[in-house]
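Remarks on the structure that follows.
The values are calculated or read from the model by the stated rules, or taken from the named source; none is laboratory data. Quantities reported herein were computed from a predicted structural model and do not represent experimental measurements. So basically every Cβ, Gly included, is an ideal-geometry build from the backbone, and we count neighbours across all protein chains shown.
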Amino acid sequence: MSKITHVGIVGTGIMGSGIALLCAQAGYGVALVGRRPESVARGMDSVKAWLGRLVERKQMTAQAMEEVLGRVQGTTDLNAVKRSGMVIEAIAENLEVKKELFQRLDKLCPPETILASDTATLPIREMAQATGRPDKVIGMHLLSPAPLSKIVEVVRSELTSEDTVQRSRAFCESLGLSVVVVKDSPGFIINRLLAPYLLDAVRLVEQGVASKEDIDTCMRLGCGYPAGPLRLLDLVGLDQFHDLASSLYQLLGDPKYKPPQLLTDMVAQGKLGRKSREGFYKWD
């Protein structure tokens, strides 16, 4: 089996650009594909910003930064992924849209190319069945933001081959990530456990049980979490988490995953957390 030297990333948002950065830092050539020139430009700017911070902190030289940037090609042309041994999609959390993309990738890429999804909740099996290579389709769920993620959930459906699992594990380990292999199931491990915790924190605010500051302080000092749940929601993005929780609620039918009205209202008001400069907290 040929060695993976080039990676295609479809999606130029926070996750897509972050995964592209990880791959380029690990020495892979990267095609970062977006739908519009402006979204590609934002994705490339995000990669540059992350690298710039590393240079400022003297964790990377300016020359090394240019070498990493030189490995990333930003483009709107999906054909750029044709030579990739691994293609990772990080587009909207919509199953039909993802299935359509996988159909296109299946036709474009060589038979040995692994097609991976960064989905946080959606079934890998259904994406696999949209292709003619279901044995080479796998989930690869990193935490947000990807450059700070220490772990990846490698998600195998019953259609995924053992060879694909092992090649994907080796690839993720080459990015410096710890790997857990999990069965295809809504929310996998992390979000299945994390979502109810974060939603309950929102409910405590909604019910006036305690202030956001006190809730966060209790979980930091009482349970040893590095960040409280409401601050964490601001960092993740309230809209992104609302979509994730809604997807889990739809898939599992369990009311503990239903977004509270407060969260829905905040998203509708554009209070999305750090990226909009206001969520549960105000951000500079």
| task | Looking only at region 18-41, decide whether some residue is crowded, with 17+ Cβ neighbours inside 10 Å, under 28 Å from Glu112 (Cα atoms) and among the hydroxyl-bearing types (Ser, Thr, Tyr). | result | yes
| field | Residue list for region 113-122, restricted to those being modelled with pLDDT of 95 or more and in contact with a Ser or Thr (Cβ under 8 Å, 6 or more places away or on another chain) | value | Thr113, Ile114, Leu115, Ala116
| remark: Selection from region 17-52 of residues of a type in the set (Lys, Arg) and part of a helix (DSSP H, G or I) yields Arg42, Lys48
| task | Among the residues of region 267-284, write down those that are more than 21 Å from Pro145 (Cβ to Cβ) and in a helix (DSSP H, G or I). | result | Ala268
| field | Residue, modelled with the lowest pLDDT, within region 1-57, restricted to residues that are among the hydroxyl-bearing types (Ser, Thr, Tyr) and more than 19 Å from the chain's Cα centre (by Cα) | value | Ser2
| Residue check, Asn79 against (1) assigned to a loop (DSSP other than H, G, I, E, B); (2) of a type outside the set (Asp, Glu); (3) surrounded by fewer than 23 Cβ atoms within 10 Å (Cβ to Cβ), all met but one. Which one? | (1)
| query | Do we find a residue being assigned by TED's automatic domain parsing to the domain that holds Ile114, over 19 Å from the mean Cα position of the chain (by Cα) and surrounded by fewer than 21 Cβ atoms within 10 Å (Cβ to Cβ) anywhere in region 190-208? | reply | no
| message | Quick check on my filter: what residues within region 113-146 are surrounded by 19 or more Cβ atoms within 10 Å (Cβ to Cβ), touching a residue at least 40 places away in the same chain (Cβ under 8 Å) and outside any loop (DSSP other than H, G, I, E, B)? | response | Ile114, Ala116, Ile124, Gly139, Met140, His141, Leu142, Ala146
